[in-house]
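Some notes on the structure that comes next.
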Amino acid sequence: MSVLEVKNIKKSFGKTEVLKNISFSLEKGEVLSIIGSSGSGKTTLLRCLNFLEFAEEGIITVNSEKIYDGKLNKKMKESEIRTKRLHFGLVFQNFNLFPQYTVLKNIMLAPSLLKIASEKEIEENAKKLIERVGLNDKTDSYPCELSGGQQQRVAIARALALNPDILCFDEPTSALDPELTGEVLKVIKGLKTGDSTMIVVTHEMGFAREVSDKVIFMADGIIEEEGTPEQVFGNPKSEKMKAFLSKSFENI
Amino acid sequence: MSFNQITAALFEGFFQNCELFALTLLFAIPLGLIVAFGSMTKIKPIKYIVRAIVWIIRGTPLMLQLFVVFYVPGLLFDKPMKSRMLAAVIAFVINYACYFSEIYRGGIESIPKGQYEAGHVLGMNRKQIFFKVILLQVVKRIVPPMSNEIITLVKDTSLARIIAVAEILMAAERFAGRGLIWPLFYTGIYFLIFNGVLTVLFGRVEKKLDYFRS
Ligand SMILES: Nc1ncnc2c1ncn2[C@@H]1O[C@H](COP(=O)(O)OP(=O)(O)O)[C@@H](O)[C@H]1O
Ligand SMILES: [Mg+2]
C-alpha cells in the first residue's frame, strides 16, 4: 500500500500553467528524487504537497486517507489545513531557521506549541534528533553561529521533530558552499536507514542515483521520465532527459 | 530670583513635557500597531483610508495639528477643548501613532516570507507565528528607528507651548518677559539630560537583542 498517492495535480499562476498533470506514488520508506532544470515546477510541486500553494485540480492521498482534493480546497478551514499538512515536512533551500532561538529551541518550538507530547519528552526527542544530525556540541548555539551545512542539519532535525509521514527537501544543498554539501547529504542518506519516506528535489545527480529508489525527471510542468535510478540515468528514453543529463555532466 | 528657584520653576514646566511624553508613548505605541495592521490589511477600502490618514498626518506640521485639535471642537461642535494638555496629548498620539505605524510596517514587511512559511509548515497558526517567530525579529529591527523617533518626541513636546500648555519653554519665557534671558537657554540642559538617559537605555536594549542576527 502506498504512503503517498498524488493524482493529476494541476497548478497555475495567472495564465502560466506550472504543473500540468502530475501523478506519482510512493511506498513507505522509499526515497524519491525529483530532478529537472530550473523553472520546471519542482518547488511548486513540493509547496502544493505542503499546502503553501493550493493546486486547482488533483487529489493527494496519504495512507489511504484523501487529504486534499482540488475541487474542494475552497472549503478547507485553516485548522483543517494545519492538521493535514503535518503529514508532510519540508526542508527549505535556505533553511529558514528561527534566528532568535537556539538549536534546541528551534526544534522544540512547534512540538511545544502543538503540545504533541509532554515538555520533557519533547526535549528528550529534540536532543536525540540533534545527536542524529551530529550537532551535539551545538545544542545551545544560535543559527547565526552555525555554518550553512549545520543550519540545514538543524532544519532537518526540526522537520523530523513532528514525525511527518513524508519529508520533503527542496534543493537542500543548493545554498551551501560545495565543501558543505557532503555533510547534509550524509544526514539525508542516514535517514533512509531510519525508514523515513522522503522526496528530495536535487541537482546532485550522484546523490540521486545512489540514494533514491525512484527518480522523477520534470520538464515544463510534466513528468517527462520516471523510474528506478538505473532506468532514468542508465537508459533514458526522452530526448529532454538525455539533453539534461549531458548538460549536468558537462558541468562536472 | 535664585538659580535654585529658577531651576525648580523650570522643573515644574519640564514635568509637563514629561507627562506629554509619557502619555504619547503609552497610547501611540499600541495605536501605531493597529494603524500598521490597517495599512497592511487585505481589505482594500480600510487599507486606502488608513494610508490616506497616515499620509495627511505625516505631510502636515505637528504644530498645525495641535491647532486643529485645540480649536476645531469649539468651532465646529460648539464644544471647546477644556484641557490644553488633553488637546496636546490627542494631537501627539495621533501624530506619533502614524509615524510609529510606518516604522512597524517597514519592520514587519522586512521579515522574509520564509519565516512565515517555516512556521506554517510546522503546523503553527497565524497567531503563534506572529508572536513566537516574527515579533521579536521585528522588535530588533525597529529599535534604531524607534529610538530616533522617541528622541524627536522629547524635543517635540515643547511644541505644546503653541496652545499654551505650561511646559518648560513657556516657563522660561516668563522669566524672559522680566528681563531674564538665560533661563531660556538653560532649558536645553533638561532636554539634553533626558535624551542622554534615553540614548543609554536604547543602547542597552539594542545590546540585549544582539545575541541573534536575522
Ligand atoms: N508565486 C508565483 N507566482 C508566479 N509564478 C510563479 C510563482 N512561483 C513559481 N512561479 C513560476 O512557476 C515556474 C516553476 O517554478 P518552480 O516551481 O520554482 O520551479 P523549480 O523549482 O523547478 O525551479 C517558474 O516559471 C516560476 O516563475
Ligand atoms: Mg526550485
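Just one of B:LEU122, B:LEU64 is hydrophobic (A, V, I, L, M, F, W, C) and either crowded, with 17+ Cβ neighbours inside 10 Å or at pLDDT below 95 (or both); which is it?
Going through B:LEU122, B:LEU64 in turn, just one is hydrophobic (A, V, I, L, M, F, W, C) and either crowded, with 17+ Cβ neighbours inside 10 Å or at pLDDT below 95 (or both): B:LEU122.
Applying the condition of being crowded, with 19+ Cβ neighbours inside 10 Å and under 20 Å from A:PRO164 (Cβ atoms) to segment A:1-21 and asking which residue is farthest from ligand 2 (Cβ to nearest atom) yields A:LEU4.
Taking the stated definitions as given, is A:LEU72 over 17 Å from A:LEU90 (Cα atoms) and either away from ligand 1 (no atom under 16 Å from the Cβ) or in contact (Cβ under 8 Å) with a residue 12 or more places away in the chain (or both)? Yes; evaluated as a whole, the condition is true for this residue. Considering segment B:69-95, the residues that are among the aromatic types (Phe, Trp, Tyr) and over 21 Å from B:ALA28 (Cα atoms) include one that is farthest from the chain's Cα centre (by Cα), namely B:PHE77.
For segment A:37-57, which positions are away from ligand 2 (no atom under 16 Å from the Cβ), open to solvent by 10 Å² or more (accessible area, probe 1.4 Å) and in contact with a strand residue (DSSP E or B) (Cβ under 7 Å, 6 or more places away or on another chain)?
Taking segment A:37-57 first, the residues away from ligand 2 (no atom under 16 Å from the Cβ) are A:51, A:54-57.
Narrowing the set further to residues that are open to solvent by 10 Å² or more (accessible area, probe 1.4 Å) leaves A:54, A:56-57.
Of everything in segment A:37-57, those that are away from ligand 2 (no atom under 16 Å from the Cβ), open to solvent by 10 Å² or more (accessible area, probe 1.4 Å) and in contact with a strand residue (DSSP E or B) (Cβ under 7 Å, 6 or more places away or on another chain) turn out to be A:GLU56, A:GLU57.
When A:GLU80 is tested against (1) open to solvent by 20 Å² or more (accessible area, probe 1.4 Å); (2) at pLDDT 95 or above; (3) closer than 20 Å to A:ILE166 by Cα, exactly one condition is not met: (2).
Can B:ILE162 be described as β-branched (Val, Ile, Thr) and open to solvent by 40 Å² or more (accessible area, probe 1.4 Å)? Spell out how you get there, then give the answer.
On the way: β-branched (Val, Ile, Thr): yes; open to solvent by 40 Å² or more (accessible area, probe 1.4 Å): yes.
Spelling it out, B:ILE162 is indeed β-branched (Val, Ile, Thr) and open to solvent by 40 Å² or more (accessible area, probe 1.4 Å).
Could you say which residue among A:LYS42, A:LYS10, A:LYS66 is at pLDDT 95 or above, more than 14 Å from every other protein chain (Cβ to nearest Cβ) and over 30 Å from A:GLY148 (Cα atoms)? Within the list A:LYS42, A:LYS10, A:LYS66, the selection yields A:LYS10.
Scanning segment A:67-91 for residues that are in contact with a helix residue (DSSP H, G or I) (Cβ under 7 Å, 6 or more places away or on another chain) and of a type in the set (Val, Ile, Thr) turns up A:ILE67, A:VAL91.
If I filter segment A:19-28 for residues that are near ligand 1 (Cβ under 10 Å from one of its atoms) and in contact (Cβ under 8 Å) with a residue 24 or more places away in the chain, do I get at least one hit?
Yes - at least one qualifying residue is present in segment A:19-28.
One residue stands out among those in segment A:91-118 that are open to solvent by 30 Å² or more (accessible area, probe 1.4 Å) and in a loop (DSSP other than H, G, I, E, B): the one that is farthest from ligand 1 (Cβ to nearest atom), which is A:SER118. Cβ-Cβ distances below 6 Å connect the following pairs, each with a first residue in segment B:184-204 that is more than 20 Å from B:LEU169 (Cβ to Cβ), a second residue that is part of a helix (DSSP H, G or I) and open to solvent by less than 40 Å² (accessible area, probe 1.4 Å), and a separation of six or more residues or different chains: B:PHE202/B:SER147. For segment A:101-120, the criterion of being among the aliphatic types (A, V, I, L, M), within 14 Å of chain B (Cβ to nearest Cβ), within 16 Å of ligand 2 (Cβ to nearest atom) and closer than 15 Å to A:LEU162 by Cα is satisfied by no residue at all. Residues considered: B:VAL93, B:VAL72. Of these, the only one that is away from every other protein chain (no Cβ under 11 Å), in a helix (DSSP H, G or I), under 30 Å from B:LEU20 (Cβ atoms) and open to solvent by less than 20 Å² (accessible area, probe 1.4 Å) is B:VAL93. Counting only residues that are open to solvent by 20 Å² or more (accessible area, probe 1.4 Å) and assigned to a helix (DSSP H, G or I), segment A:58-76 holds 5 of them. The residues in segment A:29-48 that are away from ligand 1 (no atom under 12 Å from the Cβ) and either of a type in the set (S, T, N, Q) or within 21 Å of A:ILE81 (Cα to Cα) (or both) can be counted, and the count is 1.
Condition first: open to solvent by 40 Å² or more (accessible area, probe 1.4 Å), away from ligand 1 (no atom under 16 Å from the Cβ) and under 26 Å from B:GLY119 (Cα atoms). Can you find one or more residues in segment A:153-174 that meet it?
So in segment A:153-174, the residues open to solvent by 40 Å² or more (accessible area, probe 1.4 Å) come out as A:163, A:165, A:174.
From what's left, away from ligand 1 (no atom under 16 Å from the Cβ): A:163, A:165.
Filter once more, so that each one left must be under 26 Å from B:GLY119 (Cα atoms): A:163, A:165.
Yes.
For segment A:41-92, a residue qualifies if it is under 15 Å from A:LEU4 (Cβ atoms) and of a type in the set (Val, Ile, Thr), and the qualifying residues are A:ILE59, A:ILE60, A:THR61, A:VAL62, A:ILE67. Among the residues in segment B:188-209, are any surrounded by fewer than 13 Cβ atoms within 10 Å (Cβ to Cβ) and within 14 Å of another protein chain (Cβ to nearest Cβ)? Within segment B:188-209, one or more residues are surrounded by fewer than 13 Cβ atoms within 10 Å (Cβ to Cβ) and within 14 Å of another protein chain (Cβ to nearest Cβ).
The values are calculated or read from the model by the stated rules, or taken from the named source; none is laboratory data. Everything quoted here is computed from the prediction, not taken from an experiment. Cβ coordinates were reconstructed from backbone atoms using ideal geometry, including for glycine residues, and neighbour counts include every protein chain displayed. Ligands, DNA and RNA are excluded from the accessible area calculation, which covers all protein heavy atoms including side chains. Shrake-Rupley method; radii C 1.70, N 1.55, O 1.52, S 1.80 Å.
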